[in-house]
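Comments concern the structure below.
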Amino acid sequence: MADVIIIMGPPGAGKGTQAARLVERYNLRKISTGDMLRHHVGESTELGKKAQSYMDAGQLVPDDVINAMVDATLETNEAQRLLLDGFPRNASQVKVFGHMVAPHNLCIRSVILLEVDEEELIQRILERAQEQGRSDDTEEVVRERMKVYRKETFPAVEAYDNVGQLTRIDGMGSMDEVTARLNAHLDTVFTASTAANSEETA
Ligand code: AMP
């Protein structure tokens, strides 16, 4: 059985940076729907052409495209530990992912919400825009992505909160401070999951 960690949070919360650090520390396979979509856009695939206008507008790419993409990725999974970054991103994707768990032999071990004040978020995103030049980091698009987060993604966060799977992690402060908080949480999660997995196979 593969352990799944889901990392959620508003745009600019530092998910990408923190996810990369967690991948390293816990030997995770990261599945980032944003990265996959950017790859498709870069290669001008059919999927990329379909997704680009939504991404440039800061809106969500249609669920059927995303769900099929994730399902196909999980089909070939051999990793023991997965980190989902950017998926599920609305209540419907939470439901669909729930149906993928058993057939792909997964177990959701923790859903993390990185929390950051809105003022700080806008500041961080505009800084990232200058550093990385992402085409969806203009102020107008950023505001739209915030709106989409509140309207679409927050209900997904609540869905996990309602079933007791959500852990809120303070995303304010330096990158290293946030990493330390995440590590403390995941050390506990993986200690418990290792024990559960070995009990299962015993
Ligand atoms: P991200 O890198 O996760 O911020 O994603 C960048 C953009 O890709 C988003 O603004 C959406 O347009 C699209 N995207 C990424 N993940 C999803 C998803 N799970 N569902 C719908 N659209 C997504």
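The values are calculated or read from the model by the stated rules, or taken from the named source; none is laboratory data. Please read all numbers here as calculations on a predicted model, not as lab measurements. Glycine gets a Cβ as well: all are built from the backbone with ideal geometry, and neighbour counts include every protein chain shown.
On the given criteria, is Asn27 polar (S, T, N, Q), out of contact with any Ser or Thr (no Cβ under 7 Å at 6 or more places or on another chain), modelled with pLDDT of 95 or more and away from the ligand (no atom under 16 Å from the Cβ)? Before you say what the answer is, go through the steps one by one.
Details: polar (S, T, N, Q): yes; out of contact with any Ser or Thr (no Cβ under 7 Å at 6 or more places or on another chain): yes; modelled with pLDDT of 95 or more: yes; away from the ligand (no atom under 16 Å from the Cβ): yes.
Considered against the rule, which asks whether it is polar (S, T, N, Q), out of contact with any Ser or Thr (no Cβ under 7 Å at 6 or more places or on another chain), modelled with pLDDT of 95 or more and away from the ligand (no atom under 16 Å from the Cβ), Asn27 comes out as yes.
Could you list, ordered by first residue, the pairs with Cβ atoms under 6 Å in which the first is in region 78-92 and part of a strand (DSSP E or B) and the second is within 7 Å of the ligand (Cβ to nearest atom), at least 6 apart or interchain?
Asp85/Ser32
Conditions tested, residue by residue: (1) small (Gly, Ala, Ser); (2) touching an Asp or Glu at 6+ places or on another chain (Cβ under 9 Å).
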| site | (1), (2) |
| --- | --- |
| Thr45 | no, no |
| Gly48 | yes, no |
| Ala51 | yes, no |
| Pro62 | no, no |
| Val70 | no, no |
| Leu74 | no, no |
| Leu82 | no, yes |
| Phe87 | no, no |
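Return the residues of region 47-80 that are within 16 Å of Val101 (Cβ to Cβ) and among the hydroxyl-bearing types (Ser, Thr, Tyr); say none if nothing qualifies.
Thr73
Which one of these does Met146 not meet: (1) farther than 30 Å from Ser193 by Cβ; (2) touching a residue at least 60 places away in the same chain (Cβ under 8 Å); (3) more than 16 Å from the chain's Cα centre (by Cα)?
(3)
Out of all the residues in region 1-40, which are without any contact (Cβ under 8 Å) to a residue 40 or more places away in the chain and surrounded by 22 or more Cβ atoms within 10 Å (Cβ to Cβ)?
Leu37
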